[in-house]
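**Student:** This is the structure I want to talk about, given as C-alpha cells.
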Amino acid sequence: MTITLEKPINPVKPPKPWAKRNKSTVISNAIAVIFPILVLAALFFTTEIPGPVLVVVVFFPLQLLTAGVTSFMDKGKRGIGDAVLSVGCVTAFGLVVALLGSVVLSVIARGFPAIRFSFLTQNNIYISPTTDLTYGGIGHALLGTLLVVLIATLIAVPLGIASAIYITDIKGRAAGFVRFMVQAMSGVPSIVAGLFIFAAIILTDVVGFSAIAGGLAYAILMLPTVARTAEEVLRLVPKEVRDAAVALGSSRARVTMRIVLPTAKTGLITAVVLGVARIIGETAPLLLTTSNANNTNLNPFSDPVSTIPVYIFQYLGSGYQTSIQRAWGAALVLLIVVAILFGLTRYLSRNKRGNV
Amino acid sequence: MDATRIASTTNVDIEATGVRVPNTPQDAHPRNPEDANVHLETKDVHIWFGQRLIIEKVNLSFPENSVTALIGPSGCGKSTFIRTLNRMHEFIPGAALAGQILYDGKDIYDAHVDPVDIRVQIGMVFQKPNPFPSMSIKENVLSGLHLAQIKYENPDEIVRNCLERASLWTEVKDRLNASASSLSGGQQQRLCIARALAVNPKVLLMDEPCSALDPGSTRRIEGTIKELSQEMTIVIVTHNMAQAQRVSDYTAFFLAEEGAPAQVVESGRTDEIFMRPKDPRTNDYVNGLFG
Amino acid sequence: MSSSTLEVPGNTPTPRYFGREKSRTKSDKLFSGSIIVAALSSLFVLTAILIYLGSNSWPVLVEQGISFVTGSEWSTTDGVEVFQIWPMLYGTLLNAIIGLVIAVPVSVFLALFIVFLAPRNLSKVLTVVIDILAAIPSGIIGLWGFLVFTDTAAGWGQLLNQYLGWIPLFANDQNQFARSPFIAGWVLAIMIIPIITVVSREVLAQTPQELLDAARGLGGSLSGSIRMVALPHARGGIVGGVMLGLGRALGETIAIYFVLNLIFDVNIYKILNPEGGAIASMIVAKFGEATPNEINALLGAGLILFIMTLFVNLAANYIVKRSQREKLI
Ligand SMILES: Nc1ncnc2c1ncn2[C@@H]1O[C@H](COP(=O)(O)OP(=O)(O)OP(=O)(O)O)[C@@H](O)[C@H]1O
Ligand SMILES: [Mg+2]
C-alpha cells in the first residue's frame, strides 16, 4: 500500500468536467449579455430618449428576450425559465448594489469635506446655518448621543437579558407569553416610543426635554433587539454546562450568574452592540423627548440635549449650502459609528464560532 | 475488471417468465426502437470531494435490462459513485470527477450534453423517500413531466400506468388527490419510483431504496425492481446481501482500504460473486466477516 | 373496571411528579423574583403605551368621533379645532403598498440569487451587504432620499407620466414630481428590502436538500426546481417577512418626512402627484407648534399607528412561526 501524504506536495486540481462550457452555450451567453448593452449604448448616444426610459422600455425587455431566446436555442424550452430567473436575480442584485452604493458613496463624498477637528469637537453655540464650516461642530451632539445611548443601554440591557434568562434559563410558566410580548414590542414604531415617553414623563412634568427622556424612548426600541439576540445566544449554552453546575450543588442564581452568563459572554456583548446599532440613528423619538440644543449639556435630568440624528434633522431643514454640508458631515460620522458597531458584531460572532 | 456481459435479456419471452406484464407502457410512452442497445459504462472514473480522492479508477458496465447491485462497506463511496451516473454529483460544492461515463457510447460529461436530458433518461430513486410534500399523489407522479417540460396527454393513464408498475396502484387508486405525505414510508418510496418512471427513463439508479423500510415493503419493492428490469437497466446500492442476491444479475463490490480511495475489488455475475468470489476480501465481505 | 386488571390493592406506589424546582434559598427567591419582574417589562411598557396614549387622546377622540379617522381636515385656526387623519392614514397604507410592490420582487429574487445562483463567495458578500443596508439609520436614508434620490426618482416619475400618463395611476395634475408617494414608496422599499431578503433567504436556504435532489434528478432545471420545490416550501416564511417589512414601512417617520408632501386632502391613487400622507411623519411635522389639544390629537394618531403596526407585526410573527412549525412536522 502506498503512503498517502497528509498534504500532497503538488496538490492536483481535481477536474470538474461540468465546468467546461459548450461553445454554443458560451456564445449564446455572450450574446445574451452583450447584445442588449450594445443596443442600449447605441440608442443612448444616437437618440434623445432619456436613459431611464431606455433601461426600462428597451434594455430590460430586450435583455429578457435575448436571454430567453438564446437559452431556448441552446437548451430548448426549459432554458427559458432559467433565463428569466437569471435576469431577475441579476437585476435585483444590480438595483440593490446601486442603491446601497449611492447611499454610502454620497454620504462619504459629501460628508468628507465637512469633517475636520473642530467639526468633531466644537459645539453649536453662536453658529447659524450660514456660518462658515471652520466654526462649530457636532461635539455636543456626539456627547449627547453617547449620553442618551448610555442611558438606554443601562436600562434596556438588564431588562432584555433578564427577559432572555426568563425564557431560556428559568423557563418560567410565562416564558411563551414573555417571548410574545418581546415580539410585540419589537414592532413598536420609533415615533410611538417617543410619543409615549413624551406623554408619560414630559407632559406629566416629571422631567422636561432631557437626555433621560430620550434614553427611555431609546430603551423601548433597544429592549426587544437585546432580548431576542440574548435569547438566541443563551440557547446555545450547552445543557451539560448547566447540569454540571447544578450537580455541584450551586444555587440557581449562582448557576445563571456565574456559569451561564459568563459562558455566553461574547454573544451577550453582540446582543448589546446590535441593540446600540438599532437605536443610534433613530431621529423620531428624540425629536419628542430630548428636543435639541446648541450647547453641550451633560446633565441627563434636565434641559434639552443635542444628538447626531437631531443635528442632521435640524441642519437639513434649514436648507443653506453650509448647513447641508454640516448635515452630511454629521451623517458621515454617524455612518462610521454604525460601521464600527457593525464590524464589532461580526468580529465578535466570528470569535464565538471559533470557540464553540 | 469489466463485468462480464451475458446475453441481453431483451429477447426473453415475457409470458414465459410468468411475470405479470405491466399495463403496456408502450402505449403511454412509445419507446424508440433505436434504444435497444442502450447501456451504461464507466471508464477510469475517479471522484473527488475537494482535494480528497474518494473513488479511484472504476471501470464497470451495466448491461441493458439487467440489475446491477453495488455493495460495499458504509462510507466507501457507493452513493457518491451512483450520483455521478446521472450528473447529480456536480451539485455538491467541491465535487470533482475524472474519467468517462458512457451512455449509448457517448460521454455524459461531454460539454455538448445537456445534463437535464441525462437526468430524464437516467432516473434516480433516493435512500430516503422524498415525495414533494406540497403535492398530491397524482401531482407527484406527474411532477417529473412538468419539471422536465415534457408534453403529455392522458394524465390519468400515465398516473395509473406508473403507479401500477411501481405496485402502488391498488393501494392508492381511491385517493389520488390525497397529499403524498399521508402515505406510509414504504408507499412513499414506491411513489418515488412511480414518479421516476413517469418520465420514462432508460436507466434507473436506486440508492438503498429499502433502507428505511420494513420487510414487507422491501419485498414489494424488490418485486417492482424485478418487473422493471424487463424494460430498463437498473443500478441499485444495497447493504443487504440477501437482497443483492435476490434482485440483481450483476454485482460490483466497492472497498476502500484504510486511508486510500475506494476501488471496485471485484465485479461480475451475482451468483459468481456470492458463490465463487475470486478475491478473499469479497469472500469475507459477502459472508459478513467485516463491513 | 372492577373485575380484571387493576387489582393490586394497597400495593401500588403513588407516583411522585416533579414540578419545576422551587427556589429554596432567600437569595434564589430574590433572584427569580427580580428576573420575572424584569421579564415582564415588555408587558408593562406595551400596556403603558396603550394607557398613556389612550387616556391622553381620549377627550379629543370622543370630541372628534369617528371622523377622526374618516375625515380629511386638520385645523386649529378659526377657534374650532378639527383633527381628522384619514389622508394620513390612507397615505401610510399607500406608501407601504408602493414600497412592497417594489421591494417584494427585488427581495425574493435577491434571496434566490444568494441561496441558489450566486457563487459561494459572492453570496457571502451579499449577505453582509444586506446586513449593512439594514443597519443604515433611517435619518441617513432620509437625508440621501431628500438630497440625492428625489431628483433621480422625480425624473423617473416624470418619464412614467410622460409615457404612461394615460393610466390614471400615473396621472399628474401638478406638473411637479418631487415629494410624491411614488418617491416615498421607493425610499420605503430601500428600507424594507433587507428585512424581506433576510427572512426569505433563511427560509429558502432551509429547503430540504432531498427535495431539491428529487426535482433535479427528475430532470428539473434550476428555475423549475425552485418553482416546484423551494418556493412552495418557503412561501409561509416569505409572506411573514413581507408582513414584517410592512410593519416597518407603516411606522417609518423621518425618511418619509423628507421626501413626501403631507397634504390633508386624500390622494387616492395619483402616486406621482406631490401629495401624500403618513401618520408618523405628520406627527413630527405638527409636533413642534402644536396646541395642547393638538398634542393630544397627535397622541391619538400615534395610538392608531401603534395598534396597526402591533397587529401587522404579530400576524407576521405568527405566519413565520407557523410555517416553521409545519416544516418541523
Ligand atoms: N458532500 C461531501 N463533501 C465531502 N465529503 C463527502 C461528501 N459526501 C460524502 N463525502 C465522503 O465521501 C465518502 C463516501 O461517501 P458516500 O456517501 O458515497 O458513502 P456510501 O458508500 O454511500 O456510504 P453508505 O453506505 O453509508 O451510504 C465518505 O467518506 C464521505 O465522508
Ligand atoms: Mg450511501
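The values are calculated or read from the model by the stated rules, or taken from the named source; none is laboratory data. Model, not experiment: these values are computed from the prediction. For neighbour counting, all protein chains shown are included, and Cβ atoms are generated from backbone atoms with ideal geometry for every residue, glycine included. Keep in mind that these areas ignore ligands, DNA and RNA; they rest on the heavy atoms of the full protein, side chains included. Shrake-Rupley method; radii C 1.70, N 1.55, O 1.52, S 1.80 Å.
**Student:** Could you give the nm distance between label points at A:SER250 and C:VAL80, where each point is 7 Å from its Cα heading toward the beta carbon?
**Tutor:** So the two model labels end up 7.0 nm from each other.
**Student:** Can you list the aspartates and glutamates whose alpha carbon is less than 20 Å from that of B:LYS57, not counting same-chain residues fewer than 8 positions off?
**Tutor:** Within reach: B:ASP2, B:GLU41, B:ASP44, B:GLU90, B:ASP107, B:ASP110, B:GLU257, B:GLU258, B:GLU266, B:ASP279.
**Student:** Right, next: Work out from phi, with θ = phi - 60° and the Karplus expression 6.51 cos²θ - 1.76 cosθ + 1.60, the ³J(HN,Hα) of each residue of segment B:144-151, listed in order in whole Hz, and give x for Gly and Pro.
**Tutor:** x, 5, 5, 4, 8, 6, 9, 6
**Student:** Just give the residues from segment C:220-235 buried by at least 40 square angstrom of accessible area in the all-chains context relative to the isolated chain, probe 1.4 Å, and say none if nothing qualifies.
**Tutor:** Those are C:SER221, C:SER223, C:MET228, which lose 40 Å² or more relative to the chain on its own.
**Student:** Now for a different question. With a 1.4 Å probe on protein heavy atoms only, tell me which residues of segment A:315-348 lose at least 10 Å² of accessible surface in the complex relative to the chain by itself.
**Tutor:** Residues of segment A:315-348 that lose at least 10 Å² of accessible area once the other chains are added: A:LEU316, A:ILE324, A:TRP328, A:ALA331, A:LEU334, A:LEU335, A:VAL338, A:PHE342, A:ARG346.
**Student:** Next question. Mind grabbing the accessible area of C:HIS233 for me, 1.4 Å probe, Å², rounded to tens?
**Tutor:** 30 Å²
**Student:** Moving on. Would you kindly derive the ³J(HN,Hα) couplings of segment A:34-42 from the backbone phi angles with the Karplus curve 6.51 cos²θ - 1.76 cosθ + 1.60 (θ = phi - 60°), listing them in order in whole Hz, with x for Gly and Pro?
**Tutor:** 7, 3, x, 5, 4, 4, 4, 4, 4
**Student:** Next question. Over both sides of the C-B contact, add up the buried accessible area with a 1.4 Å probe and give it to the nearest 100 Å².
**Tutor:** Using a 1.4 Å probe, the pair buries roughly 1700 Å².
**Student:** Here's a follow-up. Roughly how big is the protein assembly as shown's charge dipole about its Cα centre, with Cβ charges of +1 (Lys, Arg) and -1 (Asp, Glu), in debye to the nearest 20?
**Tutor:** 2240 debye
**Student:** I would also like to ask the following. 7 Å from Cα along Cα→Cβ at both A:LYS13 and A:VAL39: what's the point-to-point distance in nm?
**Tutor:** 3.6 nm
**Student:** Counting partner chain Cβ atoms within 10 Å of every residue's Cβ in A:90-98, what's the average?
**Tutor:** 6
**Student:** Still on this structure, I have one more. Please report, in debye to the nearest 20, how large the charge dipole of segment A:139-348 is about its Cα centre when each Lys and Arg carries +1 at its beta carbon and each Asp and Glu carries -1 there.
**Tutor:** Roughly 700 debye for segment A:139-348.
**Student:** Any idea what Rg and Dmax come out to for chain A if you just take the C-alpha atoms, in Å?
**Tutor:** 28.1, 87
**Student:** From the residues B:ALA111, B:LEU147, B:SER134, which one has its Cα farthest along the dipole of segment B:101-163 in the positive direction, the dipole being from +1 and -1 charges on Cβ of Lys/Arg and Asp/Glu about the Cα centre?
**Tutor:** Going by the charge dipole, the pick is B:SER134.
**Student:** Could you tell me the calculated FRET efficiency between C:THR47 and B:ARG276, based on Cβ-Cβ distance and R0 = 60 angstrom, to the nearest 0.05?
**Tutor:** Calculated value: 0.10.
**Student:** Do any residues of segment A:269-302 show a loss of at least 40 square angstrom of accessible area between the isolated chain and the full protein assembly, using a 1.4 Å probe, and if so which?
**Tutor:** The answer is A:LEU288.
**Student:** Further question on the same structure: Using a 1.4 Å probe over the heavy atoms of the protein chains, calculate the carbon and sulfur portion of the accessible area of chain A as a whole percent.
**Tutor:** 69 percent
**Student:** Placing unit charges on C-beta atoms (Lys and Arg positive, Asp and Glu negative, everything else neutral), compute the dipole magnitude of chain A about its Cα centre in debye, rounded to 20.
**Tutor:** 1660 debye
**Student:** Loop-only check: which trypsin sites (Lys or Arg not before Pro) in segment B:139-178 are DSSP coil with at most 11 other Cβ within 10 angstrom?
**Tutor:** Sites meeting the loop and neighbour criteria: B:LYS151.
**Student:** Bin width 5 Å, origin at 0, all Cα-Cα pairs of chain B: what percent of pairs per bin?
**Tutor:** It works out to 1, 5, 12, 17, 19, 17, 14, 9, 5, 2, 0, in whole percents.
**Student:** Report, by chain and number, residues whose modeled amide H sits under 5 Å from the one on B:SER179, excluding near sequence neighbours (fewer than 5 apart, same chain).
**Tutor:** none
**Student:** Write down Rg/Rh for segment A:22-113, rounded to two decimals, with Rg from the C-alpha atoms and Rh from the Kirkwood relation over Cα pairs.
**Tutor:** Reported Rg/Rh (Cα atoms, Kirkwood Rh): 1.10.
**Student:** Let me ask you something else. Roll a 1.4 Å probe over the protein heavy atoms and report the accessible area of C:LEU61 in Å², nearest 10.
**Tutor:** Surface open to solvent at C:LEU61 totals about 40 Å².
**Student:** Let me check against my output: what whole-number percent is the relative contact order of segment B:144-291, with C-alpha pairs under 8 Å and at least 6 apart?
**Tutor:** Once divided by the residue count of segment B:144-291, the mean separation gives 16 percent.
**Student:** Measure of size requested: the Rg and Dmax of chain C, with Cα atoms as the atom set and Å as the unit; please supply both.
**Tutor:** Radius of gyration, then largest Cα-Cα span, for chain C: 26.6, 94 Å.
**Student:** Between segment C:172-247 and segment A:214-248, how many Å separate their Cα centres?
**Tutor:** If we compute the Cα centre of each part, the gap is 30 Å.
**Student:** Give the lysines reachable from A:LYS171 as a straight Cα distance under 22 Å; neighbours fewer than 8 places away on the same chain don't count.
**Tutor:** A:LYS239, A:LYS265, C:LYS22, C:LYS26, C:LYS29, C:LYS321
**Student:** Okay, next question. Anything over 26 Å Cα to Cα? Flag those among A:LYS13/B:LYS128; A:LYS16/C:LYS124; B:LYS106/B:LYS138; A:LYS77/C:LYS124, in the order listed.
**Tutor:** A:LYS13/B:LYS128; B:LYS106/B:LYS138; A:LYS77/C:LYS124
**Student:** Same structure again: Using modelled backbone amide H atoms (1.01 Å from N, in-plane), which distant-in-sequence or interchain residues come within less than 5 Å of B:ASN86's amide H?
**Tutor:** Close amide H contacts, sequence-distant or interchain: none at all.
**Student:** Let me ask another. Whose amide H sits under 5 Å from the amide H of B:MET124, counting only residues 5 or more places off or on another chain, with H placed in the peptide plane?
**Tutor:** Hits under the 5 Å cutoff: B:LEU205.
**Student:** Please list, or write none, the lysines whose alpha carbon is within less than 28 Å of the alpha carbon of C:LYS270, excluding same-chain residues fewer than 8 places away.
**Tutor:** Candidates past the 8-residue exclusion: C:LYS286.
**Student:** Carbon and sulfur together cover what percent of the accessible area of chain B at a 1.4 Å probe radius?
**Tutor:** Carbon and sulfur atoms account for 48 percent of the accessible area of chain B.
**Student:** Taking every residue in C:249-255, how many Cβ atoms of other protein chains lie within 10 Å of its Cβ, on average?
**Tutor:** The mean count of partner-chain Cβ atoms within 10 Å per residue comes to 5.
**Student:** Could you state the orientation-averaged shadow area of the convex hull built on the Cα atoms of segment C:236-306, in nm² to one decimal?
**Tutor:** The number I arrive at for segment C:236-306 is 5.9 nm².
**Student:** Once label points are set 7 Å from the Cα along Cα→Cβ at both B:ARG52 and A:MET257, what is their separation, rounded to one decimal in nm?
**Tutor:** If labels sit at B:ARG52 and A:MET257, their model points lie 4.7 nm apart.
**Student:** Ordering B:TYR152, A:TYR166, C:TYR269 from largest to smallest accessible area (1.4 angstrom probe), what's the sequence?
**Tutor:** Reading off the accessible areas and sorting them downward yields C:TYR269, B:TYR152, A:TYR166.
**Student:** At a probe radius of 1.4 Å, figure out the A/B buried accessible area, summed over both chains, and give it in Å² to the nearest 100.
**Tutor:** 1700 Å²
**Student:** Same structure, new question: Figure the gain on full extension for A:ILE125 and A:ILE340 (residue separation times 0.36 nm, minus the Cα-Cα span) and round it to one decimal in nm.
**Tutor:** Gain in length upon complete extension: 74.5 nm.
**Student:** Turning to a different aspect of this structure: With θ set to phi - 60° and the Karplus curve 6.51 cos²θ - 1.76 cosθ + 1.60, what are the ³J(HN,Hα) couplings of segment A:214-223 in order, to the nearest whole Hz, using x for Gly and Pro?
**Tutor:** Values per residue, Gly and Pro as x: x, x, 5, 4, 4, 4, 4, 6, 7, 3 Hz.
**Student:** Which of the trypsin sites (Lys or Arg not before Pro) found in segment A:153-243 are in a DSSP loop and have at most 12 neighbouring Cβ atoms, other than their own, within 10 Å?
**Tutor:** A:LYS171, A:ARG173
**Student:** To continue, here is another question. Multiply the residue gap between B:SER74 and B:GLU153 by 0.36 nm, knock off their C-alpha separation, and tell me the result in nm, one decimal place.
**Tutor:** 24.1 nm
**Student:** With every protein chain left in place and a probe of 1.4 Å, what is the accessible surface of C:LYS270, to the nearest 10 Å²?
**Tutor:** Surface open to solvent at C:LYS270 totals about 50 Å².
**Student:** On the first, second and third principal axes, largest extent first, how far apart are the outermost C-alpha atoms of segment A:139-348 in Å?
**Tutor:** 68, 40, 28
**Student:** Where the accessible area of segment C:218-300 is counted over protein heavy atoms with a 1.4 Å probe, how much of it, in %, is carbon and sulfur?
**Tutor:** 56 percent
**Student:** What relative contact order, as a whole-number percentage, does chain C give when Cα pairs under 8 Å and 6 or more residues apart are counted?
**Tutor:** Contact order relative to length: 26 percent.
**Student:** Please give the total accessible area that chains C and A bury against each other, computed with a 1.4 Å probe and expressed in Å² to the nearest 100.
**Tutor:** That pair of chains buries around 6900 Å² in total.
**Student:** Moving on. May I ask for the Rg/Rh ratio of the protein assembly as shown, computed from Cα atoms with Rh as the Kirkwood radius, given to two decimals?
**Tutor:** Rg/Rh for the protein assembly as shown comes to 1.04.
**Student:** Defining a contact as two alpha carbons under 8 Å apart and six or more residues distant in sequence, what relative contact order in percent does chain A show?
**Tutor:** Relative contact order comes out at 19 percent.
**Student:** Pick out, from C:ALA316, C:ILE226, C:LEU246, the residue whose Cα sits farthest towards the positive end of the charge dipole of segment C:82-328, with +1 on the Cβ of Lys and Arg and -1 on the Cβ of Asp and Glu.
**Tutor:** C:ILE226
**Student:** Per residue, how big is the convex hull of segment A:257-316 when only Cα atoms are used? Give it in Å³.
**Tutor:** Value for segment A:257-316: 120 Å³ per residue.
**Student:** Just the accessible area per residue of the protein assembly as shown, please: how many Å² with a 1.4 Å probe?
**Tutor:** For the protein assembly as shown, the per-residue accessible area is 45 Å².
**Student:** Once you list every other residue whose beta carbon is under 13 Å from the beta carbon of B:ALA212, what net charge do they have if Lys and Arg are +1 and Asp and Glu are -1?
**Tutor:** -2
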